[in-house]
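The values are calculated or read from the model by the stated rules, or taken from the named source; none is laboratory data. These figures come from a predicted structure and were not determined experimentally. We place every Cβ from the backbone using ideal geometry, glycine too, and count neighbours over all the protein chains shown.
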Amino acid sequence: MSAQSKSRWMFIGVVALFALPFLLAVLLRFGGWQPTNTRNYGELLQPPQALASGVFHLLDGQPYEWQPTKRRWHLVLLPSSTCQNQCAVKADVMRRVWISEGRLADKLDVLWMGNWPESVERFEGLREVRLAAAINHQDLLVPRVAEQMTAALVDHNGFLVMRYPLDFDPNGVRKDLGRLVK
């Protein structure tokens, strides 16, 4: 084998070394394959659900503004109407999750449906909201069950992108927020 054909085969080998993984990834992606395990704790909604402006209102009646230029994420917490002690405990844990975001906490609003439990300390990122009368919360999140709370993540543009199961683990929410809030 001549030196020219050796170098030609070496070049083809190097190109194949870089091109084959790319071609395999393209084939898997457009073939419909999805990984079984993902890194996120919540359920990723595909496609994300657009929430119209005016869906949330502050308790004083003013509409909640999304303000996409501020790049704020929104953690929506929806306690059931009969949830008292258990939701107060979880509210305190979610307050701690907000605090754990540290310097990035100002890029996260916690939207609590209804009145914040009086036994739990308030914090800067808390927004007490209600849904507009025409919106059904079961269409927005997962169904509510007595003595439990659901949660969801809404991006800065007002798209519902992730929801959490009933009795979600706040640690999983904190990990998801750590990946998203930058």
Restricted to region 92-113 and to residues being more than 15 Å from ARG174 (Cβ to Cβ) and touching a Leu at 6+ places or on another chain (Cβ under 8 Å), the residue surrounded by the most Cβ atoms within 10 Å (Cβ to Cβ) is TRP112
Here the qualifying pairs (Cβ atoms under 6 Å; residues six or more apart or on different chains; first in region 46-75 and free of Cβ contacts under 8 Å to residues at least 40 places away in the same chain; second in a strand (DSSP E or B) and surrounded by 13 or more Cβ atoms within 10 Å (Cβ to Cβ)) come out as PRO63/HIS57
Within region 47-82, the count of residues that are assigned to a loop (DSSP other than H, G, I, E, B) and under 17 Å from VAL129 (Cα atoms) comes to 16
Of ARG163, ARG122, ARG127, the only residue that is part of a strand (DSSP E or B), at pLDDT 85 or above, of a type in the set (Lys, Arg) and over 13 Å from the mean Cα position of the chain (by Cα) is ARG127
Taking region 47-75 and the residues there that are more than 20 Å from LEU180 (Cβ to Cβ) and small (Gly, Ala, Ser), the one that is surrounded by the most Cβ atoms within 10 Å (Cβ to Cβ) would be GLY54
Subset of region 22-46, residues surrounded by fewer than 10 Cβ atoms within 10 Å (Cβ to Cβ) and either assigned to a helix (DSSP H, G or I) or touching a Phe, Trp or Tyr at 6+ places or on another chain (Cβ under 9 Å) (or both), comes to PHE22, PHE30
With the first residue restricted to region 115-134 and required to be touching a residue at least 12 places away in the same chain (Cβ under 8 Å) and assigned by TED's automatic domain parsing to the domain that holds SER81, and the second required to be crowded, with 18+ Cβ neighbours inside 10 Å and among the basic types (Lys, Arg), Cβ contacts under 6 Å at 6 or more apart or on different chains are PHE123/ARG95
